[in-house]
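What follows is a set of notes on a single structure, which appears directly below.
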Amino acid sequence: MLILGIETSCDETAAAIVKNGSNVLSNVISSQVAFHKKYGGVVPEIASRKHQEKIIPVITEALVHAKTTLDDIEALAVTQGPGLVGSLLVGINVAKAIAYARKLPLVGINHLEGHLLTPLLEHRVLFPNITLIVSGGHTNLYLVRNIGAYELLGKTRDDAAGEAFDKVAKLLNLGYPGGVIIDSLAKDGDPTAIDFPRPMIHDTSFDFSFSGLKTAVRYHVKRIAPEGLTDETIRNIVASFQSAAVDILVAKTLQAAMKFRVEVISIAGGVACNSQLRRQMKEQASAKNIEVLIPSPVLCTDNAAMIALAGEHKIRAKAEFPFKMNAVSRWQL
Ligand code: KG4
Ligand code: ZN
């Protein structure tokens with residue numbers, strides 16, 4: 001089946017053409033980062049306006065890259081939630097219009113299910129597995145028994161991991177979005193320079209907490225600023241912060257994998273681009289004979305290929321979504 005996927009839940013306008021679930025013919029992503037940068041975060045009103053400007057050119061580009069036309073598309077999948085309502089509605093309305101005009105089936109997808117299934121675009125994934133979704137809005141740990149059978153084991157009780165990266169970068173005036181900047185600066189820093197706390201790391205639940213870690217960084221910066229904030233100390237602070245965050249994510253994911261005796265772990269979402277997380281998860285899991293599957297960075301951050309993939313499974317399961325489909329801003333998977 002040839003599916004057009006559309007994703008507009010936050011600040012990326014994305015469209016992709018995916019054949020038979022995993023053959024990505026095109027994956028176009030137009031990032032709005034440049035427009036939100038000066039505000040230090042996503043401004044919902046600007047996001048919806050930019051989606052409106054970009055959605056048709058992005059879909060057109062996806063069709064051209066895939067060397068296809070709307071005549072060949074057999075179904076549409078669109079992110080229905082969770083996300084910013086104004087942004088979601090742009091994608092949903094365009095998808096409805098195309099589906100109506102072309103008499104094509106349309107399914108609404110939970111953005112988190114898209115992230116969760118992403119490893120299937122590049123790997124043959126074994127079930128059951130433990131999947132960590134770690135992004136700017138979520139830090140969720142799932143036992144995935146099969147496609148469509150997800151058990152939420154734990155989630156963050158306060159900040160998402162990506163949110164903590166972004167806030168730490170902001171308090172050090174490093175720019176936006178912070179995750180990728182911290183990842184790069186941390187490479188030249190000493191991760192043992194400051195012993196930041198690792199909240200809930202030994203807790204028996206699978207929940208996470210990152211706000212205490214972020215506050216510890218804030219107090220440390222307050223104590224040494226401004227004289228103590230040299231390029232070197234900043235590199236050491238971000239390396240120590242990143243190490244604490246990664247230790248928590250890896251420890252909790254491994255605890256879950258051991259408890260449920262799975263042979264595969266996967267990670268998805270923007271923070272899954274983090275080089276230390278990718279390396280440390282693989283090293284520590286392989287010591288326990290557990291395989292780790294992590295999508296390529298371009299598929300970890302928000303994209304529409306993952307939405308088309310989830311759409312293929314939903315259409316096969318004959319899930320029906322009528323035209324009165326609406327945006328769902330909060331939607332737990
Ligand atoms: O999945 P995503 O693109 O959007 C959401 O659904 O939130 O994730 C964006 C998040 C941001 O918080 C960003 O700072 C973080 O992913 N991120 C990273 C890295 N690249 C992106 N965090 C740590 N290290 C990275 N290399
Ligand atoms: Zn996302």
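The values are calculated or read from the model by the stated rules, or taken from the named source; none is laboratory data. Treat the numbers as computed from the prediction; the structure is a model and nothing was measured. Heads up, the Cβs are rebuilt from the backbone with ideal geometry, glycines too, and the neighbour counts pull from every protein chain shown.
Name the residues in segment 52-83 that are surrounded by fewer than 15 Cβ atoms within 10 Å (Cβ to Cβ) and not in a helix (DSSP H, G or I), would you?
Those that are surrounded by fewer than 15 Cβ atoms within 10 Å (Cβ to Cβ) and not in a helix (DSSP H, G or I): 67, 69, 74.
Under 6 Å by Cβ, and 6 or more places apart or on different chains, what pairs join a residue from segment 1-27 that is on the phi > 0 side of the Ramachandran plot with one that is within 16 Å of ligand 1 (Cβ to nearest atom) and at pLDDT 95 or above?
From residues that are on the phi > 0 side of the Ramachandran plot, the pairs are 21/309.
Return only the number of the condition from (1) within 16 Å of ligand 1 (Cβ to nearest atom); (2) under 30 Å from residue 287 (Cβ atoms); (3) modelled with pLDDT under 95 that residue 171 does not satisfy.
(2)
Mind checking which residues of segment 263-284 are away from ligand 1 (no atom under 16 Å from the Cβ) and either surrounded by fewer than 20 Cβ atoms within 10 Å (Cβ to Cβ) or not assigned by TED's automatic domain parsing to the domain that holds residue 161 (or both)?
Those that are away from ligand 1 (no atom under 16 Å from the Cβ) and either surrounded by fewer than 20 Cβ atoms within 10 Å (Cβ to Cβ) or not assigned by TED's automatic domain parsing to the domain that holds residue 161 (or both): 263, 283, 284.
Could you tell me whether segment 185-208 includes any residue that is over 22 Å from the mean Cα position of the chain (by Cα), β-branched (Val, Ile, Thr) and assigned to a helix (DSSP H, G or I)?
no
Does segment 247-260 contain at least one residue that is assigned by TED's automatic domain parsing to the domain that holds residue 212, surrounded by 24 or more Cβ atoms within 10 Å (Cβ to Cβ), on the phi > 0 side of the Ramachandran plot and under 16 Å from the mean Cα position of the chain (by Cα)?
There is no residue in segment 247-260 that is assigned by TED's automatic domain parsing to the domain that holds residue 212, surrounded by 24 or more Cβ atoms within 10 Å (Cβ to Cβ), on the phi > 0 side of the Ramachandran plot and under 16 Å from the mean Cα position of the chain (by Cα).
What tally of residues in segment 119-164 results from selecting those that are within 15 Å of ligand 2 (Cβ to nearest atom) and β-branched (Val, Ile, Thr)?
So the answer is 5.
For segment 3-20, enumerate the residues that are at pLDDT below 95 and either surrounded by fewer than 20 Cβ atoms within 10 Å (Cβ to Cβ) or of a type in the set (Phe, Trp, Tyr) (or both).
20 - this is the single residue of segment 3-20 that is at pLDDT below 95 and either surrounded by fewer than 20 Cβ atoms within 10 Å (Cβ to Cβ) or of a type in the set (Phe, Trp, Tyr) (or both).
State which residue is surrounded by the fewest Cβ atoms within 10 Å (Cβ to Cβ) when the search covers only segment 137-172 and only residues that are under 14 Å from residue 333 (Cα atoms) and of a type in the set (Gly, Ala, Ser).
Ranking the candidates gives 149 first.
Here is a list of conditions, (1) modelled with pLDDT of 95 or more; (2) under 20 Å from residue 133 (Cβ atoms); (3) away from ligand 1 (no atom under 16 Å from the Cβ), and residue 78 meets all of them except one; can you say which number that is?
The failed condition is (3).
Among the residues of segment 55-75, is there at least one that is within 16 Å of ligand 2 (Cβ to nearest atom) and among the β-branched types (Val, Ile, Thr)?
No: zero hits.
Of the residues 121, 112, 126, which is buried (at least 24 other Cβ atoms within 10 Å of the Cβ) and either more than 16 Å from ligand 1 (Cβ to nearest atom) or touching a residue at least 40 places away in the same chain (Cβ under 8 Å) (or both)?
Residue meeting the stated conditions: 112.
Do we have residue 211 as crowded, with 18+ Cβ neighbours inside 10 Å and among the hydroxyl-bearing types (Ser, Thr, Tyr) here?
On the way: crowded, with 18+ Cβ neighbours inside 10 Å: no; among the hydroxyl-bearing types (Ser, Thr, Tyr): yes.
So residue 211 does not fit the description; no.
Exactly one condition in (1) touching a residue at least 12 places away in the same chain (Cβ under 8 Å); (2) under 28 Å from residue 190 (Cβ atoms); (3) surrounded by fewer than 23 Cβ atoms within 10 Å (Cβ to Cβ) is false for residue 287; which is it?
Condition (1) is where residue 287 drops out.
Does segment 209-228 hold any residues that are in contact with a helix residue (DSSP H, G or I) (Cβ under 8 Å, 6 or more places away or on another chain) and outside any helix (DSSP H, G or I), and which are they?
Within segment 209-228, just 210 meets the criteria.
For residue 17, are the conditions met, namely being more than 19 Å from the chain's Cα centre (by Cα), more than 23 Å from residue 300 (Cα to Cα) and of a type in the set (Val, Ile, Thr)?
no
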